[in-house]
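Taking it in order: structure first as C-alpha cells, then the write-up.
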Amino acid sequence: MTTLLTVNPEHLETADAKRAIALAGDILKNGGLVAFPTETVYGLGGNAFDPHASEKIYAAKGRPSDNPLIVHIAEMDDLERVAAEIPEEARLLAESFWPGPLTMILKKRPELPDETTGGLSTVAVRFPSHPVAQAVIAAGGGFIAAPSANASGRPSPTLASHCAEDLDGRVDLILDGGPVGIGVESSIVDLTEERPVILRPGYITGAMLKRILGDVDTDPAILPREGPEDASFRPKAPGMKYRHYAPRGTMTLVEGDDDEVAAYICDRAKEAQEAGRRVAVIASAETASRYGELPVYLAGRRQVPDEVARNLFRILRQCDEDRAEEIYAETFHEGELSAAIMNRMEKASGHRIVRVPSGYRDNRKEHEYDNSIGE
Ligand code: TXA
Ligand code: MG
C-alpha cells in the first residue's frame, strides 16, 4: 500500500510536515521506499547502504540493474563517506553548485554496495537544494539512493501525481511537495577521467561548469544527432543508452524556420487526422496560434527556456493521457538550457527529426515532401 502525504516545502516546521518527514525517515531506515520532490524531478529513494533497498528500487521502476543510482546526501562532509577520492575539481564544483542540480561521478568507497552503483567502481553523488529532499535524506540516515521516480522508460515525474501514476502500490510513501522548480534531471559530470566530462546536460550548463573547471568535455554519445540509436553510441552514463522520456505515440521533432515548421506540422497533422489518428502539437507560446484547431500542448515561452524545461515532461505525459498517436514538436534552441531540453526531446522522439527545407510553404502544393529523414 502506498501512503500519500502533502508537505509544504515552505513550512517544514508544522506538526504535519514533521510527522510526514519522520515517517519517511522510518520507512527509509527500515529498508522501504519513499518518493520525494527534489528541485529537478521527483526521486524514488531508498537507503544507499542497503543492497536490498536498491534492489527494491530497480524492481519498483522496472529498471535494468546495470543502471546505477545517484546517491543523495544532505551534508557536504558526507561526500567523504561515499567517495574514495575527492579531487580538487569536485571541491570547487561542490562549493559553487551544491546544494543544487549537479551530480558528480567519483571513485566509490568499498562500503557502498554494488547493487547501488550497478557494479561500477564509481559513484554518482548529488546534494539537492530542495528543502523536502534535504529533510528526507537527513531523516533517512543521510545517504539516499534515488533515481527519478518514474517507471523505467517514461518521462521523469515533475508532480507527485506522476509518481502515483507510475509507482502506486510499489512504494511505501509518496511525499507531495508540489511541482518541481527545474523539471529536467541534474547535470552529470564525470571527474574520474583525466578531464571532466559532461555525461548528461542539465540546469548547470556546460558554460557554468567551464567557468569553474576551465576545460570540460561532453560525452560524444549524448551530442545532438539524428537517426535511431545504434551500437556506436555507448554513453558512459549507462542510463543514457536506454529509450527514455518517451511518450507512447510517435514523436517527431520538426526543425527549421518558424513559419516553415508550422506549415509542415499543420500539413502532417491534418493528414494524420484524416487517416483517423489522434495528433498532438508541442509548440511555444509565441508560435501556438499558428496551429489553428489542432490540439496544441504549450511548452512555454521560447524566450524563457526555464518554462520549457519545467513543462516538458508534464506535457509528454499529457500526450499519453490524451492517447496521442502522432506527436509533432517544435524544437527549442534558445539559451544555455537548450542543451538539456533538446537532449530530452531527442531521446523522447527516438531521434526522429525532420528538417523542413526553406521554401517548403511555396512548394508544398507542387511536391510531395519527403519526410523519411530520421526514420
Ligand atoms: O536530478 C536528478 O539527478 C534526479 C533526482 C531524483 O535527483 N535523479 C535522476 O536519477 O535523474 P536517474 O537514476 O534517473 O539518472 C541517473 C543517471 C543515469 O543515467 C545513470 O546511468 C547515471 O546517472 N549514473 C549513475 N551512476 C553513475 C556512474 N557511477 N557512472 C556513470 N553514470 C552514472
Ligand atoms: Mg531517470
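The values are calculated or read from the model by the stated rules, or taken from the named source; none is laboratory data. What you see is a predicted model; the values in this text were computed from it and never measured. To get the accessible areas, we keep the full protein, side chains included, count just its heavy atoms, and leave off ligands, DNA and RNA. Shrake-Rupley method; radii C 1.70, N 1.55, O 1.52, S 1.80 Å.
What do you get for Rg/Rh of the range 150-193 when both radii come from the Cα atoms and Rh is the Kirkwood radius?
Radius of gyration over Kirkwood radius for the range 150-193 works out to 1.08.
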Checklist entry - Of the cross-linked pairs K29/K56; K61/K108; K18/K61; K108/K347; K61/K107, which ones have a Cα-Cα span greater than 22 Å in the structure shown? => result K61/K108; K18/K61; K108/K347; K61/K107
Checklist entry - Got a number for carbon plus sulfur as a percent of the chain's accessible area, 1.4 Å probe? => result 48 percent
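What translational diffusion coefficient, in µm²/s and rounded to a whole number, does the Stokes-Einstein relation yield for the range 20-73 at 20 °C and a viscosity of 1.002 mPa s, taking the hydrodynamic radius as the Kirkwood radius over Cα pairs?
185 µm²/s
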Item to check | Per residue, in Å², the accessible surface of the range 250-368 once ligands and nucleic acids are set aside, probe 1.4 Å | outcome: 43 Å²
Next on the checklist: Restricting to bridges with both residues inside the chain, how much of the DSSP beta-bridge set is antiparallel, in percent to the nearest 5?
Outcome noted: 35 percent
Checklist entry - Expressed as an acute angle from 0 to 90° and rounded to the nearest 10, what is the orientation of the C-alpha long axis of helix 15-29 relative to the principal long axis of the chain? => result 80 degrees
Next on the checklist: Over the Cα atoms of the chain, what radius of gyration and what Dmax do you get, in Å?
Outcome noted: 21.1, 69
Next on the checklist: If I take the Cα coordinates of the range 3-218 and project them onto the principal axes, what are the three extents in Å, biggest first?
Outcome noted: 46, 33, 32
Checklist outcome for this item: Within the set E293, E271, E55, GNM on the chain using Cα springs under 10 Å gives the largest fluctuation to E293
